[in-house]
Amino acid sequence: MKTLSRFVLRAALVALLGFALTCIPVTKPVSAAAEFNPDLEEAKEAYLAVDASATKIVTPDYALVNIAVKSGAPTAKEAADQCAETVNAVMAALDEQGVAQEDYKTSALNVYPQTDYSANPPEVYSYAVYNQLQVKVREIDKLGQVLGAALDAGANEINDIQYLVDETGEVYRQALAEAYQNAKAKADLLAESQKVELQARPVKIEEVAVSPYEPIYRNYDMKEEAMPSESVGEVPLSPQQLAITARVQVVFALSQAGVAEQTSTELVVQGLSTVAVDPDYARIDLAVEEQADTASAAAKANSEQMSSIFRLLQEMGLEAKDYQTNGYQVYSTYNYDQNPPVINGYYLVRNDLRVTVRDLDQLSELITRALDAGANNLNYLEYDANNKDEHYAEALSNASDVVQAKAQVLAEAAGLQGEVKLQHMAENRLYQYGPLVNRAKSMYAGQGAAAMDQSNMMPVTSGAVEFSAQVEAVYSAK
């Protein structure tokens, strides 16, 4: 397309109005999708294109917040026991505040050594355990009270507060229709300023991909040594409203002598849908790190600990196919006080094991007993589901329904009375899945758990697994 200067607005007008105008003699289709619109493909005259948006302000329905406990001790087992006791207290406090168990889940769990690399040899001076819960607070007015109770119970990190709404579809469709009306008003104003007339029917209406959903974030971090000795009570918060925004680009043909009126309009829309399902299994990464003055001594110590973990997995009934070595490293440690750093004659051996836990009731017990058996690293926890293709197909079908509804909204907003027909649809493969807070399940019910002190078991709750699908579609309406 080439732009004729006689149809270009003065720069001052553009700056004043804050939107774009393009009046174009068309020598090619406006877009590749124009092949589905014969009127657009055959048109050879000028066009006017505008961009507009609309925003709806809504009150959030709930809040999501991450509440975590970080503990440190000379051994991984001691740190894990301390962390477990505190997390159990935090979960009890959530229960007392009326937060249902299905509304919180474990979103992060880590065990790792803290090493002083300035020592010779490098010295592991303690182990840190980090257990984070993602909590859904449905009564937003109680959020500050919930956070205060969690801090009083021993939580020492709070971050990523998000205010959200349960369903944005209807509100977004209202914004989409209003965005078209705003675009039409802009087009009419520009046409009047240029002393031109627009054809009654738009040539094309395209939904622009923007983030239609803008949650409000807060961040609270509190180091363990900075924790107050007295009760926190209620954390003062001021929840804000949310903005749901839709944006469109609309192309109008100019009415000119000898130019036929448009007989159809092209509608370009996008659809995203997410399906949440209960997890069928979990994956965790356990590791053993051992250090010695020779590689063989470090490897031997590591092998003894890892063998204990293998025996534990077999004892708990896991099949061999459900755990595999994910990495094995033997390397020298260095003295970094010298320049350049030199090998200090000590060696570290690390053995990583990925474990698939198919009986989720065993997860808490397995983690606790693995730390007892010598694991001193845990750096990965993910829930997953079977029948991925089936769940994705459901999300894809829902995404198809979403674009059809959007196309109908735009057609009605433009006053198009004819049937809305699909011309083209393309899948944008996302295939995402991961933990979601829609559901949580207590992990204390394993058969072997009854014989253990549950207060010392690492509490773990499972979230749902989500599958997302996205499509883009081109419709025509007469």
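The values are calculated or read from the model by the stated rules, or taken from the named source; none is laboratory data. Small disclaimer: the values here were computed from a predicted structure and weren't measured. A quick note on method: Cβ atoms are made from the backbone with ideal geometry, for glycine too, and the neighbour counts reach across all protein chains shown. We work out accessible area using only protein heavy atoms, side chains counted, and drop any ligands, DNA or RNA first. Shrake-Rupley method; radii C 1.70, N 1.55, O 1.52, S 1.80 Å.
Among the residues of region 173-181, are any over 24 Å from Met457 (Cβ atoms) and either among the aromatic types (Phe, Trp, Tyr) or without any contact (Cβ under 8 Å) to a residue 12 or more places away in the chain (or both)? Yes; the residues of region 173-181 include at least one that is over 24 Å from Met457 (Cβ atoms) and either among the aromatic types (Phe, Trp, Tyr) or without any contact (Cβ under 8 Å) to a residue 12 or more places away in the chain (or both).
Only one entry of Asn88, Asn66 meets the criterion of being out of contact with any strand residue (DSSP E or B) (no Cβ under 8 Å at 6 or more places or on another chain), within 30 Å of Leu286 (Cα to Cα) and modelled with pLDDT of 50 or more, and that entry is Asn88. Residue count for region 382-392 under the criterion of being in contact (Cβ under 8 Å) with a residue 24 or more places away in the chain and surrounded by fewer than 18 Cβ atoms within 10 Å (Cβ to Cβ): the result is 4. The set of residues in region 86-119 being in contact with a Gly (Cβ under 9 Å, 6 or more places away or on another chain) and surrounded by fewer than 16 Cβ atoms within 10 Å (Cβ to Cβ) consists of Gln114 alone. Leu353 falls short on exactly one of the conditions (1) open to solvent by less than 20 Å² (accessible area, probe 1.4 Å); (2) more than 19 Å from Glu289 (Cβ to Cβ), and that condition is (2).
For region 178-215, a residue qualifies if it is crowded, with 20+ Cβ neighbours inside 10 Å and aliphatic (A, V, I, L, M), and the qualifying residues are Ala179, Ala183, Ala187, Leu190, Val203, Ile205. Whether a residue is in a strand (DSSP E or B) and open to solvent by 30 Å² or more (accessible area, probe 1.4 Å) was assessed, and Asn379 passes this test.
Within region 267-288, is even one residue outside any helix (DSSP H, G or I), of a type in the set (Gly, Ala, Ser), without any contact (Cβ under 8 Å) to a residue 12 or more places away in the chain and open to solvent by 20 Å² or more (accessible area, probe 1.4 Å)? Taking every residue of region 267-288 in turn, none turns out to be outside any helix (DSSP H, G or I), of a type in the set (Gly, Ala, Ser), without any contact (Cβ under 8 Å) to a residue 12 or more places away in the chain and open to solvent by 20 Å² or more (accessible area, probe 1.4 Å).
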